Structures are given as C-alpha cells and as structure tokens.
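Contents: one structure, followed by commentary.
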Amino acid sequence: MALPSPAPSFLPTPRPTFSPTKSPTHIPTKFPTQLPTSYPSLVPTSSPSTYPTLDCGRPLALLRVDTHAHDGGTSWGNLNFSIFVCSNLSRAICNRDTEIFGGTLAPGSTSEAHFGCVGNSSCFAFALEGTKPAHSISWEIADMSIDAPKLFGTGESDETLFCLNNGALDKFPTPQPTTSFAPIPGPTALPTGLPTLPPSHMPFPVPTNEPSPVPSPKPTQIPTPLPTIHCDPGHFVNTAYQCEECAIGTSSNLTLPPFPKWECPRCSPGKVSKVTASLGCQDCVSGKFSSAARDSCGACGPGEFVFNASSCENCPMGHYAPVALNDECFICSSGSSTGEMSGAYLCTDCSGGRYAPTASMNCSLCEAGQYSGSRSPSCTNCSVGSYASEVGSSLCFDCSAGKHAAVSGTAECIVCEVGYQSSSRAQYCEACSVGTYTSSAGSEYCDSCAVGRVATSAGSTICQNCTVGRYQPAFGQGMCTGCAPGRFAETAGASVCAACLVGKVAPLWNSSLCEDCAAGQYQSAVAQTKCVPCKAGDFSPEDGSSTCTACPGKL
C-alpha cells in the first residue's frame, strides 16, 4: 500500500537545509566551517510538550532539560546539573562564564523537568554532577520556543557542549551514529544522496483501516538572530538585549560580554554609588555606613561603631567611642569602666577602694585586707602591722598596741598572747623580758616583778616569790639572792634577810631560821654564824643564851 502524503512538518519553514556535504548556512562564522558528518537523532517523535508559563521574551529561547532515573533513583545520591554560557564559542573547550540555571534530581525521583531562558545565538555547556551507577541516568535537552529536535545523552556524559543557532540545536564535538532529518516539504529539494528512512522510522502515522486525523502544524516563529552587543563601562545588557545604564547603588568598570547580565554589580558594604552609569563605588568616610540600597552613607553616633560597613552597632561593655568609629570601639583603660550598659561614649574612673583592669564594664570592690586609690588597675595588700577589715577600703589602718599583723593583706590584727606585748603597727608581739610579765592578753607593755618576786624566763605570765632563805630587794629581777650566814629569811617573798638575834646563829647560806646556841655556849652579838663556849668557871644552863653565868662558889 502506498504511503499517504506527508503530514505538515513540525519544523519551521525557514529552517536551514542540512546536507552531509555542505555546511549549514546559518552557523555563526566563528564556528569551524565543516560540520561533523553526523548529527544526533533530531527528528521529533511527538508533538511539542505543553509550554511552561515562563515568558522569555522575543530574543530568548526557552530551554527545557529533562533528567530520568531508570532504576527509580534508589542507587544514587543527589544528581545536579547546570547550564553554563560558553563565552569563547569554541568547539573544543568551553570557558564557563555564567551559570544560567540548574536543577537537582533527588534520590527516589524518577523524572524532573527544568526550564530556563537563554540566549538564542550562544553556545552552552551541560554539566552533570553527582554519584550514580553506569547507565542509570539519561537526559534530554530541547528548545521549547520552537518545534525543534532534542539532544539526548546518558549519565556517562559528564559534560556536553551544544549551541543554539537561531532555533537549531548543534551538539559537538563527538560524532554520533549517522542520522539525518526526515524529509521536509519545502521549496528546497533534498540532495538525491540523502538516505531515505523506512516508513517504520518516519515521524508520520502509518495508514490503518480506520482513518486517523493528521495534526495541524503548530505555527512557530523564528527569532531574529541576536546581534553581538558590547556595552560601555557603567552599562549592562538588559533582558531586551539593549545597553542600559547602571542603576544608583550599582556600578561597572568593565565591558560586559554579549549576553544578559540583568543588572550591574551592587556596591559592596561600605561603598555607595549616587549616580547612574557609575564606573565605580565610593567609600563611605570613617564612622559612616552604606545604606541597604547603597545609595547613601549613614552616620553613627557617639558610643557606636560601623559594623561590616553596613550598620551601626553599640560599643560593647568595656569599650567606648566619643565619636563614631569604624569596625571597633576604644578599650577602656585600666582603672575605669563603662558600667553595665553598651553604647558608652566615655569611661568612668574607679573611686578609691575599687579597681578595674582594661576593658572592664564595672569597677570591682577591693577585698578585705586590701586597698586602692582612685583609678586603680588593681588593689594593694595592706602592709605588715596594718589591716583593712572592710571590703572596698581606700586605705589601711595601723594595728593598735597589744595587737600585730605578721603578713601583708591582713583583714584583722591578732591580739598578743599573755606574756607578750606590742606597740602600735607591730608585725610581731614581743615576749616579756626576764623580770617582767603580763597577766592578760593584748598588753601594750609588760609589768616589772615586785621586790621579793622574780620572773626567771622571758614571756612570763606571773612573777614568783623568792623561796625561804632567799630574798630580792629590787623590782624587775629575774632571780633571788640567798641570805648570807648570820642572816635568814623565814618566809617566802622576802625582800631582805633578817639578822640572827643574840643567843642564835646561822652558820650557812640561804638559812630560813637561826639556831639557838646550846647550853654551855652563848652569843652576845647579832648576825653571828657560831656560838662561843662559856669559859671555865662560867656556865649557861639553857639553849639560846646570850651570856654565861659564873658558877656558884667561884671566887
């Protein structure tokens, strides 16, 4: 059965006629003049898909990128793709200049479609990134702005280069299996050597017993070829592919490449541009910041600093700024503080009894045993012999008599023990010397022992009485003296020794009593050490006689 007449083609009539032996007439002159001998399969297999609502405008092409997972996406992670503009238009290497758009096929997804507006006379790089097993991913690229064939590939192709030439997709540089366009009715006859596709491979329906409607061709419009545009510094290529002045708050000192930049770069923080078509942004002066629109510089006040060249921030506690500063505030010097509030424009000196190291928010009280004057970076310990019993002292006090402070930094003086004394501002208590004593603690001085009493060692708390047979006639003595022979001390604590009376003697030292002279002896003098025998013819009938009596009958 003969084939029916060919249905209207989906391709626009102005489409260039391709021949294996002749270069297309609409390929840009920057490309090599000889095309590869084969093209990817470009014959559409169905009518165009429904267009997205994205409106690219007349000079742009609506590019669709589909990614498919053959195993349900269960054996790989996120799969990312990106479309880059190739600024050098070379068929060998793509210098990636700007990423136009991209997308992600998440794990578990089976298909994703992404759309983007691109230049209609530019070359691009399709980059596929991500971990995936071999032959698990496929992709296709189509120009949805016209009824054009598609490009196909698999996940093994990590980068694919292609161009849009007034509606035609041109992939390079790797040759594909030899295919050609299906015959297209038109005024230009195909070369006789063009392969004829079998009917089973033609994109037209095969007649059946029942009639089938032939789809009407979708009217398309071939975009006007995009001219090469180079805008002067201070301008950018807008979406209408026209040079437009940089807006206030932006600038550009470069000649931008011939594809849409959409706008000039915005001024960085701390810089502004107050006019259109600016070639550069100006720095805000110290203490000022750039507004959000980058069209003016704002001023910060005292106690503030410019943060990141874009806002005012209060100085942190321990810092101050008499006028607005850039980046950071001054640090409070030692001996001063800001108090527990941010945004200080000055630091306050610490009063006596308080201190502050550098960058302090508060002046701290000195501890007990320490003191400080005004504007002090630290506290000082009280010296030995002095004290400070309260916190926050501005001076130290001398220890009173009878107390002492042996180490520095003392909060309270220590009372001297009994047997010890001290004067004021004493570091140590001194033991009472020999012959002196203290009977109570905290004594300023030691007392001398009275007569008949002694303190034989230092640090005595009492004086001792001289024992019997001994005496001490002076004050403040450390030892007693024994009574000489002929004298005696009958009681303890004697200040003198008494002389033996007549009829009595003390032959030894340290006598506490005198001895009576025995009968037949006498002693008529006091303080004697021995008795005298009565001479012949005399007698003393009793002990303790002071004289002898003549015997009766003695002539």
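The values are calculated or read from the model by the stated rules, or taken from the named source; none is laboratory data. These figures come from a predicted structure and were not determined experimentally. Glycine gets a Cβ as well: all are built from the backbone with ideal geometry, and neighbour counts include every protein chain shown.
Would you please list the contacts, defined by Cβ atoms under 7 Å and residues six or more apart or on different chains, that run from a residue in segment 471-488 that is more than 16 Å from Ala527 (Cα to Cα) to a residue that is modelled with pLDDT of 95 or more and among the aromatic types (Phe, Trp, Tyr)?
The qualifying pairs are Cys480/Tyr471; Thr481/Tyr471.
Please go through segment 418-437 and give me each residue that is within 21 Å of Gly478 (Cα to Cα), out of contact with any Phe, Trp or Tyr (no Cβ under 7 Å at 6 or more places or on another chain) and either of a type in the set (Val, Ile, Thr) or surrounded by fewer than 22 Cβ atoms within 10 Å (Cβ to Cβ) (or both), ordered by number.
Val418, Ser433, Val434, Thr436
Would you point out which residue out of Ser394, Ser383, Ser374 is in a loop (DSSP other than H, G, I, E, B), of a type in the set (S, T, N, Q) and buried (at least 16 other Cβ atoms within 10 Å of the Cβ)?
Ser383
Examine segment 309-323 for a residue that is under 30 Å from Glu245 (Cβ atoms) and in contact (Cβ under 8 Å) with a residue 24 or more places away in the chain, and state whether such a residue exists.
yes
Results for (1) of a type in the set (Ser, Thr, Tyr); (2) closer than 30 Å to Cys231 by Cα, shown as yes or no for each residue.
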position	(1), (2)
Leu279	no, yes
Val285	no, no
Ala309	no, no
Met317	no, no
Cys329	no, no
Gly343	no, no
Ser376	yes, no
Cys379	no, no
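Pull up segment 303-321, narrow it to residues that are in contact with a Pro (Cβ under 6 Å, 6 or more places away or on another chain) and not hydrophobic (A, V, I, L, M, F, W, C), then point me to the one that is nearest to Cys347 (Cα to Cα).
Asn308
Which numbered condition trips up Asp349, out of (1) buried (at least 19 other Cβ atoms within 10 Å of the Cβ); (2) over 27 Å from Gly270 (Cβ atoms); (3) not polar (S, T, N, Q)?
(1)
Of everything in segment 417-441, what is outside any strand (DSSP E or B) and over 25 Å from Cys466 (Cβ atoms)? Give them in sequence order.
Scanning segment 417-441 gives Glu417, Ser422, Ser423, Ser424, Arg425, Gln427, Tyr428, Cys429, Ala441.
Is at least one residue of segment 305-312 of a type in the set (A, V, I, L, M) and on the phi < 0 side of the Ramachandran plot?
Yes; the residues of segment 305-312 include at least one that is of a type in the set (A, V, I, L, M) and on the phi < 0 side of the Ramachandran plot.
Specify the residue that is modelled with the lowest pLDDT; the eligible residues are those in segment 242-297 that are of a type in the set (S, T, N, Q) and in a strand (DSSP E or B).
Among residues in segment 242-297 that are of a type in the set (S, T, N, Q) and in a strand (DSSP E or B), the one modelled with the lowest pLDDT is Ser290.
Mind counting the residues in segment 317-329 that are surrounded by fewer than 17 Cβ atoms within 10 Å (Cβ to Cβ) and under 19 Å from the mean Cα position of the chain (by Cα)?
2
Mind checking which residues of segment 309-323 are modelled with pLDDT of 80 or more and either part of a loop (DSSP other than H, G, I, E, B) or in contact with a helix residue (DSSP H, G or I) (Cβ under 7 Å, 6 or more places away or on another chain) (or both)?
Cys315, Pro316, Met317, Gly318, Ala321, Pro322, Val323
Quickly run through segment 444-496 and pick out the residues that are part of a loop (DSSP other than H, G, I, E, B) and aromatic (Phe, Trp, Tyr).
Tyr445, Phe475
Within 30 Å of Pro316 (Cβ to Cβ), modelled with pLDDT of 95 or more and in contact with a strand residue (DSSP E or B) (Cβ under 7 Å, 6 or more places away or on another chain): does that describe Ser422?
no
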